[in-house]
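*Asks:* Have a look at this one.
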Amino acid sequence: MQAKTALADKKAAAEKKALAEKKALAEKKAAAEKKALAEKKAAAEKKALAEKKAAADKKAQADKKALADKKAQADKKAQAEKKAAAEKKALADKKAQADKKAQAEKKALADKKAQADKKAQAEKKAAAEKKALADKKAQAEKKAAAEKKALADKKAQADKKAQAEKKAAAEKKALADKKAQADKKAQAEKKAAAEKKAAAEKKAQAEKKALADKKAQAEKKAQAEKKAAADKKALAEKKAQAEKKAAAEKKAAADRKSRTPTKVNSRLQIDSQQKRDSRTELLTVSVSLNTGKIVAIASIGILASAILLSAMVFIAG
């Protein structure tokens, strides 16, 4: 402790001595220190300002980073929602396609079933018509056989009667034979007359049907000719309107050019109008001829079809 006090005293004396030595330079040192203090203060202020600016920049960067992180999170969330919506939409589209496919398959199956039913009905109808035709043919054959049998029975009875008459009286044999022959001839003539009558009735029916077909074709042809006449009339009315319009335009042009008329221009205008009228008339005639040709060809085709159909019906009957 004493050594420490002695050291302090020694140091105080040294400082006192140094103070005395520096007293002369105190003013110079004070000025230097004042200047240094001013510089240190300026440096401290500059440093504080720099630190403040650095802190502001750091805070701005932190805010910017926080905003960027927030934006990134928002983008990530939006992408996730967008992805979920896309997956939901894809699932809905897939389901809609599956439903559409199922409906298409169901419709195709229904169409196939309808076609099968239609085909079965057509086959059933054809079979019924074939059976009806066969029954009709069988009835006709049965009727012919019955008539043939009746004729045979009648002939057998006549022969039996002739034999009885021959047995009863040989003299009456020739008369009985003659009577039997007369009866046979009458029956043959009656059968031939019946067959001729049936053929005449069949022919009359065929002619009646052909006449009805011919009448229908004639009515169709008349309708086609009526339509062609209406088209021709409409074309003529259109041509008349065009000519009327052209005449009005020609009159208006003549009125406009009447102020400075020239003989050459009038002649050219007249020639141009005549050429236009000639072309219009030629076009009208061409359209009329083409329409007449089409109607004539259609009428010939319809008539030929009617004749062919009548011939087929007659042959089939």
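*Asks:* Can you find a residue that is part of a helix (DSSP H, G or I), at pLDDT below 85 and of a type in the set (S, T, Y) anywhere in segment 252-270?
*Replies:* yes
*Asks:* Which one of these is within 30 Å of A316 (Cα to Cα), more than 54 Å from the chain's Cα centre (by Cα) and not polar (S, T, N, Q): A210, A174, A193?
*Replies:* Testing whether each residue is within 30 Å of A316 (Cα to Cα), more than 54 Å from the chain's Cα centre (by Cα) and not polar (S, T, N, Q) leaves just A193.
*Asks:* For segment 220-246, give me each residue that is of a type in the set (D, E) and either over 18 Å from I297 (Cβ atoms) or outside any helix (DSSP H, G or I) (or both).
*Replies:* Across segment 220-246, the qualifying residues are E237, E243.
*Asks:* Out of all the residues in segment 217-253, which are among the aliphatic types (A, V, I, L, M), surrounded by fewer than 14 Cβ atoms within 10 Å (Cβ to Cβ) and either under 30 Å from A304 (Cα atoms) or in contact with a Leu (Cβ under 8 Å, 6 or more places away or on another chain) (or both)?
*Replies:* Scanning segment 217-253 gives A222, A229, A230.
*Asks:* Which of the residues that make up segment 281-313 are more than 34 Å from the chain's Cα centre (by Cα), modelled with pLDDT of 75 or more and either more than 13 Å from E225 (Cβ to Cβ) or of a type in the set (D, E) (or both)?
*Replies:* I300, L303, A304, A306, I307, L308, L309, S310, A311, M312, V313 - these are the residues of segment 281-313 that are more than 34 Å from the chain's Cα centre (by Cα), modelled with pLDDT of 75 or more and either more than 13 Å from E225 (Cβ to Cβ) or of a type in the set (D, E) (or both).
*Asks:* Looking at D159, D135, D93, D117, which one is closer than 30 Å to A198 by Cβ, in a helix (DSSP H, G or I), modelled with pLDDT of 90 or more and of a type outside the set (G, A, S)?
*Replies:* D135 is the lone residue from the list that is closer than 30 Å to A198 by Cβ, in a helix (DSSP H, G or I), modelled with pLDDT of 90 or more and of a type outside the set (G, A, S).
The values are calculated or read from the model by the stated rules, or taken from the named source; none is laboratory data. Not measured: the values here are computed from a predicted model. Reconstructed Cβ throughout: ideal geometry from the backbone, glycine too, with neighbour counts over all protein chains shown.
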